[in-house]
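Colleague: Let me begin by handing over the structure; questions about it come next.
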Amino acid sequence: MAERSFAKEVQQLRIGAGQEFRGEGILALTKALLQCGVGYVGGYQGAPISHLMDVLADGEEILSELGVHFEASANEAAAGATLAASVHYPIRGAVAWKSTVGTNVASDALANLASGGVTGGALIVVGEDYGEGSSIMQERSHAFAMKSQIWLLDPRPNLESIVKAVEDGFELSEASNTPVMLQVRIRACHVHGRFIAKDNQRPKMTVAEALENPRRDSARVVLPPAAFAHEHEKVDRRWPAAVDFVRERKLNERFGPEDGRVGIVLQGGMYNGVLRALQLLGLADVYGESRIPLYVLNVTYPLVDDEFLAFCAGKDAVLVVEEGQPNYLEQAFGAMLHNADSPTRLRGKDPFPKAGEYTGQVMLDGIRAFLRDHAAEMLSDQDRAPNRSQDAVPAEELAAAVPPRPPGFCTGCPERPIFAAMKLVEKDLGEHHIAGDIGCHLFASLPPFNMGATTMGYGLGPASASAFNVPAGKRSISIIGDGGFWHNGLNSSIGGAVFNKSNGLVVVVDNNYTAATGGQDILSSRASNASRSTKHPIANAIRGMGVDWVRQIDRTYDVPKMRATMKEALTTDAPGLKVIVASSECMLNRQRREKPQRAEAVKDGKRIVQPRFGVDEDVCTGDHACIRLSGCPSLSVKRLDDPLRDDPVAAIDESCVGCGNCGEVADAAVLCPSFYRADVVHNPNAFDRFLHRLRSRLIGALQGRRARGRLDFSGMPARAG
Amino acid sequence: MSAATESTGSAGGATAARQRIIKLAVLAVGGQGGGVLSDWITATAEENGWRAQSTSVPGVAQRTGATVYYIEMVPDEGRQPVFSLMPTPGDVDIVVAAELMEAGRAIQRGFVTADRTTLITSTHRALALIEKAEPGDGIRPNAPVLDIARRSCARLIAADMERLARSHGSMISASLFGALAGAGVLPFTAEQFKETIRAGGRGVEASLRAFDAGRTSVELNPEPAASEDAACAPAAPSDPAGPKALQDAYAALTARVASYPAPAQAMLAAGLQKVVDFQDLAYGAEYLDRVDAVLALDKRIDGGSRNFLLTVDAAKYIANAMAYDDVVRVADLKTRASRFARVRAEMGVGEGQVLHTTEFMHPRMEEVCGTLPAGLGRWIEARPGLMRNLDRLVNRGRRVRTDGLFWFLMLYGVGGLRRWRRGMLRHKVEQAHLEAWLAEMRRVAEQDYDLAVEVLRCRRLVKGYSDTHARGESKFARVIGAIPLVEGRPDAADWIRRLRELALKDEAGEALDGGIRTLREL
C-alpha cells in the first residue's frame, strides 16, 4: 500500500476530449501517456516519480481496460530493458524513474536500446531530483542523453506543455528511431495546474498482439558488425531526422519581440523562473509577454544550430540559462557562434554562478547583471544601480535564534531501535566501520545516531564494505534496506560477499515496503497484493545465496535482543557472512492501515487495547540520554514549573504510537525508570472490569493507608516567585 | 486589504496597471498537514474566480524535516498566467508558519520583508532534535524569534494555533486557515474559506470550529501574546493534606522559613516541601539546619548586599542533594494515588475504560546494595566476585505492571523502606558527598562569594540513574576539581560557571575536558 492513494484522482484519467483536467503535474503526465496510445508502462519509484508509479498502480483497472500493460520494475535497469518491446514492434512504451540515480542504474539498458534504435515510440520520463529538497548527488541527466544519443526534452513547467511534450516525444522518437528522454523537475511534478484533455487511445498494437506475432531483425541486435553500423546510423540518419523534426514541428519556442539587442536562451524548465525575474525587472507581464526575445529549448538535445544562429543574428549578447554543471549547452552554443564567425557575445555561467540551483534570487541576480552589462537602458534606475538595503535582521542573529531541523526517523519508526541497539553495541565493542545504503535508514547518519560512513548506491551498502574483507580485529558492518535488497542488493551485495567469503555483518532493514519512496510493495512485502506476488521472505533468499549465519528478528523494537544478536555476529567464530534480517512494518504505513480499523472497532464496541508511552516527570532527572538514543518526534522535553529544577524533563506527546522503543532503550541502556507504558483498554469486557475493580479497591486501600501516615503535597504547586 | 490589483511599474508602457500576483508561502514541519492547508488555499482561490498554482518540495522533508509549500494566484481573466514555481526572496506577500522556528526559517530564507509581508505564525514549538538532546537545557527561547519576526515583517499575527486547533479536536492546518481568513490578506470572505473546508468532507465540524478559533485569534490579538519566558505569578501558598499532627509539625517548620530574608523564602519553602516529601519532617528540620548554617555564613560575609544569593542557591541545591534519586523514592513515587490519577488524566482514560500501566525497570546489584544496611552493603561491595554473582541474579530488564497486585505490592514494599533509609548504604554515600561539597563551598566562601555560589550550582551536574548518574558525578568532580586552578583569579566564578555550562553540552563531557585544558594553559 503506497503512502498516498490516488484512487480518487485516477478517475480523472478517464476524462475525454474537451474536459478540463485539474491536478498535479505527475498525474497529468500519466493522462498524457494514455492519450498517446501507450502500449506498456514500467518504472521504478523514487521522488519525484513515486507518485507517477502510485498513480499507475492505482489506475491499473483503467490501464487494462485500454489494453495497456503496467510493470512495477525490479529496478531502473529492468525498466530501461522493458523498452526493448519497442525495438521491433510499433508499440509505444514509457518508463519512469528518479534521475540521475535511476539513469545511472539504467544506463546499460539505455545504451543498448539507443544503439539499436526503436520502431515504436520509446519515452523515458526522468524526474530530475536537483536542488532544494533533493536527496541525491547533484548531477545532470543531460550527460546520459549526449553520450548515448538519446533526445532530451525539457518542457516548460506547466501542465499543458508537459502533456504536449509527451505527445511530441513519442512522435520524435518514431520519426528518428531513437528513444526520447523527458525531463521533469521536482516542482513541476508536484505543481497543481490544469489543461484541456483529449480522449484516451488504445495502443495501435498491444503487447499481446506482438507476442503472438513475433518479429526480429538481427541488424537491431547490439553485436558487431551491427554495433558499428549503429554508430554511423545514429549520426548520419537519426540525428538529422531528429533535428528536422524539432525544427519543422517548432518544438522549441520563441517569445517576446522579434528583434532586440539582447536575448535569452533557456531550458524549457527554466521558463517560469526566467519570466518571474523579468516580471520583477518590469520587463514582462503576468501572462508572459516579454520585452526581451526568448528562445525556449523544450528540446535541449539535439540542438538546432540554424535556429539558434538565427536567434542570435543581430544581437549584441545572448544569455544562456542552463542549470547545473557541466554547461553543455553553453559550450555547444559557443562552438556554433565561433564556427559561424558570429560577433554575438555569449554569456552563461558568468553572470550565473557556476553551480547550484537557479533559485528565484539567483535568476533575478543573473539576468539583472546580464542586462546591466548589455542593455542597461532597459533597466530601472533602481535595478541599474541597486541600493541593497541592509537586512532588517543580521544573519548571525537569526542563525543563533533558529535551530536547524534535519529530517529523521518518523514517530514509532521500526528502524530507530535497530540503530539504538547498534549504538549500545558500540559502547561495548568500540566504534566500527559502518557502510550505509539508500533508504530511510540513511537517516541514522544524522543526529542523534551519527552512524554510517558512506552511501554508494541503492542496494550497494554491503558491496561498499567489500574492501574491508580482510583479517582484522574488528568486522565491518553494513546496512541494506529491503528496497535496496531487491533493487540489486541480493546479487551485488549478498552474492558478492558470499562468493568472496566475507566475514562482515550485514543488517537488512526490512520494513515490508520501499518505505523511503512512499511505501510501495516489493517481493518481501507481507501484505497481500491482488496484482503482484508478495510474501517472499528475505531470509530465504539470503540462505539461497549460500549464507549460513542468518538471524531473523521479527520485532525490531526488542532492543536487548537486537543488541545481543549484533554482538554475537561481531564476535562469533562462525566463518563467512553474518546477516541479521531486522523486520518490523513501516510505522507510517502501519498507522495508515490500522488507525481507521482501530477507530472503527472501538466504535463497534470491540475490546481494543491501545498503548502509549509516558514519562513520570518527578522521576526523570533531565539528562536526556533517552533522546540521544532515540530522536523520536513524539519524545520531547518540557520545562517544569518547579524552581528547584534547572533542566527540562522528557515528555511524550499524544502523537506517540506506543511502539515501545523508549521503554526498551531505557531498559537496554539501563537509563532510568521514568518511562511507563499505558495500555488503555477500550470497551473492556466483564473480566477486565472485575479485575480492575478488585485491583483498584485493594491498591486504593493500601494507598490510603500510607497517605494517612504522611503529608500529601500533590495539590500544592512547588513554585517560587 | 487585498494585495491584488495594485498597479506596478509599467512593462514597456503598454500596460499601465496590471494584475499583481499574490504570493504565499507555507512553512510546516513534516506531518503537520501543510499539504492540506496548501490545497485549501488553492481550492478557495480557484472556486472564487482566481487562477492559482501550488507547488511543494516534499522528498526527504516529508520525514519530520521542514517543508515549504508555495502558492501564487491572480484573478482569472481567461488566460493562463505564468506563475513561478518557487518564491523569490523579498517577493512574498504572505507567509504562514506552522511552528515558531519555521517562521524564523522563513525570515532566514528572505521570504519575509518589512515592506509587504504579512507573517502568520503559530507560537508553539516542535523542538528540534539538537534542542532536546543536550544534557542540559537546550531549548531555544521564543522571545528572540518573536522579536526578529516583529522587526522583519509588515504585519505579524502570532498565536498558539496548535493549542487552538487541538482544543477544538482538529489539526493546526484548520486554525492557520482561519487565521489567514481573519488576517484579511486574501480577497475572499470567511464564508468562502469555510466552503472549501466543507467541500473537503472530512472532519468538517471540528475543522470549522478550529477555523473560527484561528480567525478570532487574529481579531482578539493583533499583537503576539506574552511569550513563554514571562514569569508565572507565584501561587498562593496552601497547606499540605494529611493528619492534623503532621500538618502542625509542618507549620512549625514553615514558620522557620518565614524568619528568612525575603529573597530566600520561596525557594526554601519549595525545598522544604521536597525533602519532607522525600523522607519525613525530621529530614525537613535537618534541611533547615543545613540552610541555617549557610545563612549564618552568608550574613557574616555580607551576603545581604547580594540579595543572599548564597542562601537562595543553598536552599535549592541542598534540597536537591538531600532528595537524591534512589530505588525507594522511585518505588514510592510510582505507587502513589496522585500518580495513578495523573496518568489516567494524561492518557485521557474515560470512565468506561480500563488502564494498565507497565514500568520499565532495570535494577542492578549496585542499587540493591544501596538499599541494604550500610555495613552489609559495604561488605558485599568489597567482594567483587560475590557482587558479580549476585548481579547476575538481579541485573535484568523487568517489565513491572503497577496496576497488578503482585508488582504493586513489591514496589509498595520498597517504597515503605523509607523509614529505614537513614541506615542504608546509599544514604551514607550521599551524605558524605553532600558534606564534602558544602565544606568546599564554605572553604571558598571566605575569599570569593561568587565562587561559592558557583560551587553550589555545580550540584546541577549530578543527576540520573546508574551510568548516567556516574557520568554526572564524574562531571561534578571534574568541575569542582578545577577550582584550585582558578582560585584567586577575579574571574574565578565565571570560569566555573563556564565549565559547568560546557559539562551540560555533551554526554561524555568532551567540551568540559576541552575547557579544563584551556584553563590549565592559562
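The values are calculated or read from the model by the stated rules, or taken from the named source; none is laboratory data. The model shown is predicted, which means the values in this text are computed figures rather than measured ones. With ideal geometry, Cβ positions are generated from the backbone for all residues, glycine too; neighbour counts draw on all protein chains shown. When the accessible area is computed, the model is the full protein with side chains, heavy atoms only, and any ligands, DNA or RNA have been set aside. Shrake-Rupley method; radii C 1.70, N 1.55, O 1.52, S 1.80 Å.
Colleague: Express as a percent, rounded to the nearest 5, the fraction of DSSP beta bridges in the protein assembly as shown (both residues included) that run antiparallel.
Modeller: 45 percent
Colleague: Note the angle between two axes, namely the Cα long axis of helix B:384-394 and the longest principal axis of the Cα atoms of chain B, as a number of degrees from 0 to 90, rounded to the nearest 10.
Modeller: Rounded to the nearest ten degrees, it is 50.
Colleague: Let me ask something else about it. For segment A:105-214, what does the alpha-carbon gyration tensor say about shape, rounded, prolate or oblate, given a ≥ b ≥ c as the root eigenvalues, a/c under 1.5 as rounded, and a/b over b/c as prolate?
Modeller: oblate
Colleague: Something else now. Taking square-rooted eigenvalues a ≥ b ≥ c of the alpha carbon gyration tensor, is chain A rounded, prolate or oblate, where a/c under 1.5 means rounded and, failing that, a/b exceeding b/c means prolate?
Modeller: In terms of gyration-tensor shape, prolate.
Colleague: Here's a follow-up. For segment A:443-450, in order, what is each residue's ³J(HN,Hα) by Karplus, 6.51 cos²θ - 1.76 cosθ + 1.60 with θ = phi - 60°, in whole Hz (x at glycine and Pro)?
Modeller: Coupling constants for segment A:443-450: 4, 5, 6, 9, x, x, 7, 6 Hz.
Colleague: Summarise the partner chain shielding of B:334-340 as one whole number: the mean count of Cβ atoms from other chains within 10 Å of each residue's Cβ.
Modeller: For this peptide, the per-residue mean of nearby foreign Cβ atoms is 6.
Colleague: Follow-up. Place a +1 charge on the Cβ of each Lys and Arg in chain A and a -1 charge on the Cβ of each Asp and Glu, then give the dipole magnitude about the Cα centre in debye, rounded to the nearest 20.
Modeller: Once rounded to the nearest 20, the dipole reads 2560 debye.
Colleague: If you count, for every residue in B:273-283, the Cβ atoms of partner chains within 10 Å of its Cβ, what is the mean?
Modeller: 3
Colleague: How far, in degrees from 0 to 90, does helix B:204-220 lean away from the longest principal axis of the Cα atoms of chain B, to the nearest 10?
Modeller: So the inclination is approximately 90 degrees.
Colleague: On a C-alpha basis, how far is the centre of segment A:441-507 from the centre of segment B:376-437 in Å? Whole number, if you could?
Modeller: 44 Å
Colleague: In Å², and per residue, what accessible area does segment A:84-145 have when probed at 1.4 Å with the other protein chains present?
Modeller: On a per-residue basis, segment A:84-145 sits at 24 Å².
Colleague: What range in chain A is the longest one free of GluC sites (Glu not before Pro) that are in a loop by DSSP and have at most 15 other Cβ atoms within 10 angstrom?
Modeller: Formally, the longest exposed-site-free interval is A:432-653.
Colleague: Excluding ligands, DNA and RNA, what is the solvent-accessible area per residue of segment A:418-585 at a probe of 1.4 Å, expressed in Å²?
Modeller: Dividing the accessible area of segment A:418-585 by its residue count gives 40 Å².
Colleague: Now for a separate question. Could you tally the net charge around residue B:90, taking each other residue with its Cβ under 9 Å from the Cβ of residue B:90, Lys/Arg +1 and Asp/Glu -1?
Modeller: That works out to -1.
Colleague: Note down the relative contact order for chain A as a percent, whole number, built from C-alpha pairs under 8 angstrom at least six residues apart.
Modeller: 10 percent
Colleague: Within the set A:8/A:595; A:164/A:250; A:567/B:505, which residue pairs have Cα atoms separated by over 22 Å?
Modeller: Violating the 22 Å limit, Cα to Cα: A:567/B:505.
Colleague: Calculate how steeply helix B:510-521 sits against the longest principal axis of the alpha-carbon atoms of chain B, using the helix alpha-carbon long axis, and give the answer as 0 to 90 degrees to the nearest 10.
Modeller: Between helix and principal axis, roughly 70 degrees.
Colleague: Right, another one. Under 5 Å between amide hydrogens, which residues at least 5 positions from residue B:121 or on another chain qualify, with H placed 1.01 Å from N in the peptide plane?
Modeller: Answer set, sorted by chain and number: B:97, B:157, B:158, B:159.
Colleague: Next question, about the same structure. Once the Cα atoms of segment A:9-248 are picked out, what are the Rg and Dmax in Å?
Modeller: 16.7, 51
Colleague: Please state the shape class of segment B:434-522: rounded when a/c is under 1.5, otherwise prolate if a/b exceeds b/c and oblate if not, all from the C-alpha gyration tensor.
Modeller: Here segment B:434-522 falls in the oblate category.
Colleague: Another question, if that's okay. Hey, can you grab everything whose amide H is under 5 Å from the amide H of residue A:651? Only 5+ residues off in sequence or another chain; H modelled, so Pro and N-termini drop out.
Modeller: A:636, A:637, A:638
Colleague: Based on the Kirkwood radius over alpha-carbon pairs, what is the Stokes-Einstein translational diffusion coefficient of segment B:65-119 at 20 °C with 1.002 mPa s viscosity, in µm²/s?
Modeller: 173 µm²/s
Colleague: Counting only protein heavy atoms, what percent of the accessible surface of chain A is carbon or sulfur at a 1.4 Å probe?
Modeller: 53 percent
Colleague: Further, regarding this structure: Amide H neighbours of residue A:265 under 5 Å, at least 5 residues apart or on other chains, H built in the peptide plane: list them.
Modeller: Amide H neighbours of residue A:265, under 5 Å, 5+ apart: A:295, A:319, A:320, A:321.
Colleague: What ³J(HN,Hα) values, in whole Hz, does the Karplus curve 6.51 cos²θ - 1.76 cosθ + 1.60 give for segment B:409-416 when θ = phi - 60°, with x put for Gly and Pro?
Modeller: 4, 4, 5, 4, x, 4, x, x
Colleague: Could you work out, residue by residue across B:241-253, how many beta carbons of other chains sit within 10 Å of that residue's beta carbon, and then give the average as an integer?
Modeller: Mean number of neighbouring Cβ atoms from other chains: 2.
Colleague: Further question on the same structure: Filter A:474/B:132; A:234/A:349; A:315/B:23; A:427/B:463 down to the pairs with a C-alpha to C-alpha distance above 28 Å, please.
Modeller: A:474/B:132; A:234/A:349; A:315/B:23
Colleague: A further question follows. To the nearest hundred square angstrom, how large is the accessible surface buried between A and B, total for both chains, probe 1.4 angstrom?
Modeller: 12100 Å²
Colleague: May I pose another question? Looking only at chain A, where both bridge partners belong to it, what percent of the DSSP beta bridges are antiparallel (to the nearest 5)?
Modeller: Bridges in chain A that DSSP calls antiparallel: roughly 30 percent.
Colleague: Step through the residues of segment B:487-500 one at a time and calculate ³J(HN,Hα) from phi using the Karplus curve (6.51 cos²θ - 1.76 cosθ + 1.60, θ = phi - 60°), rounding each to whole Hz and writing x for Gly and Pro.
Modeller: Per-residue couplings from phi come out as 3, x, 6, x, 9, 4, 4, 4, 5, 5, 4, 5, 4, 5 Hz.
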